[in-house]
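Since every read-out is calculated from the coordinates, none of them should be taken as a lab result. From a predicted model like this one, the values you see are computed outputs, not experimental measurements. Positions of Cβ are backbone-derived with ideal geometry, glycine not excepted, and every protein chain shown enters the neighbour counts.
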Amino acid sequence: MIDHAVIFRSLKPEELKILRAVENGMKTHEWVSVEDMASSSGLSEKEIDYRLKNLTDLDLLERFTGHYVGYQLKYNGYDILAISALLRRDTINSLGGLVGVGKESVVIAAMGRSGMPLAIKFHREGRTAFKQVKRKREHLVDLHNTNWLYASALAAKHEFEVLKKLYPAVSVPEPFDQNRHAVVMEVVEGHELSRVKLEDPQWYLDRIIEQLELAYRNGYVHGDFSEYNVMVSESGVTIIDWPQAVATGTKIGDQLLERDVRNILTYFSRKYRIRVFTEEIVKKIKEFS
């Protein structure tokens, strides 16, 4: 995993221009030639050739040699472009270290304008799982030629929009900004549910169900709910990771609500021997709304 802060500080303006040129070229080409980069960036091909080795060595670009030499952004390079935009917007003014790596995301620390600690979540739509991701995410199902970077940007946009609609009625991270595949949000206190032993598990289960009810009332089903996206603290719970959220009042929404509830009840049954029927909770959530 790269050190985003160190790499960003090391880059020259010309190198950022090259990254943007590759991003622009990937809208129409899988691999972007030096000639296309020059046309898009205004830099000479000689200047670009000189800079490309450093960008590939830093793991920001990938090089392809076939009937022509081409380049494409790696996720690290896409991260750098999002960071650059967030700094220009003054959403963040400094970067911290790695907070965590998930199945489909990387999170780093940052600082906001007033010194507020923030988290930047970079979406990672895995290439091997992309077809499955398209099938289960509402915001991707009608897109047939989406590249991996664009898919990640769509996931980030969707999660940001969902968080804006849910916060503060639902206990979710407060969202501040979104660019490309990055979502800037508040730092969530507490620990992941899967990593703790609760002294009063029934109280926490009740709080979790309350948040699912509130989310449903505000128009969304989480869609990928489990013990891995619940943060717990002494004051309550926060529900994280909403890129797979779907609207209520749909067939898929009803199916995913039932699955979400079953997942969390199975966890509490297995770990704490608390037994509740899925159908009972689903009915309660729908009646509450």
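Observations on the model:
- Here r is the Cβ-Cβ distance between Leu198 and Phe64 and R0 is 45 Å; the resulting FRET efficiency, rounded to 0.05, is 0.35.
- Distance violations [Cα-Cα > 29 Å] among Lys17/Lys121; Lys74/Lys271; Lys53/Lys164; Lys103/Lys251: Lys74/Lys271; Lys53/Lys164
- Across the chain, the mean sequence separation of Cα contacts (distance under 8 Å, 6 or more residues apart), normalised by length, yields a relative contact order of 12 percent.
- With the simple spin-label model, which puts each label point 7 Å out from Cα in the Cβ direction, the Arg88 to Ser39 separation comes to 2.2 nm.
- Per-peptide average of other Cβ atoms within 10 Å, ordering 218-229, 45-56 highest first: 218-229, 45-56
- Size of electric dipole in segment 4-73: Cβ of Lys, Arg +1 and of Asp, Glu -1, about Cα centre, debye, nearest 20: 220 debye
- Once backbone amide H atoms are built at 1.01 Å from N, Gln178 has Val184 as its partners under 5 Å, excluding neighbours fewer than 5 places away on the same chain.
- With θ taken as phi - 60° and the Karplus curve 6.51 cos²θ - 1.76 cosθ + 1.60 applied, the whole-hertz 3J(HN,Hα) list for segment 243-258 is x, 9, 4, 10, 6, 6, x, 10, 4, 5, x, 5, 5, 6, 4, 4 Hz, x standing for glycine and proline.
- With the simple model of a label 7 Å out from the Cα in the direction of the Cβ, Ser226 to Gln255 spans 1.9 nm.
- Label point 7 Å beyond Cα of Tyr167 along Cβ direction - residues of segment 195-216 with amide nitrogen under 17 Å: 215
- Candidates Tyr75, Tyr272, Tyr167: whichever shows maximal mean-square fluctuation once the chain is modelled as a Gaussian network with Cα springs under 10 Å: Tyr272
- Here the dipole of segment 191-288 is about 280 debye; that uses its Cα centre as origin and unit charges on the Cβ of Lys and Arg (positive) and Asp and Glu (negative).
- Among Leu95, Phe176, Leu166 - extreme Cα towards positive end, dipole of the chain, charges at beta-carbon: Leu166
- Using only Cα coordinates, the Kirkwood hydrodynamic radius of the chain works out to 20.6 Å.
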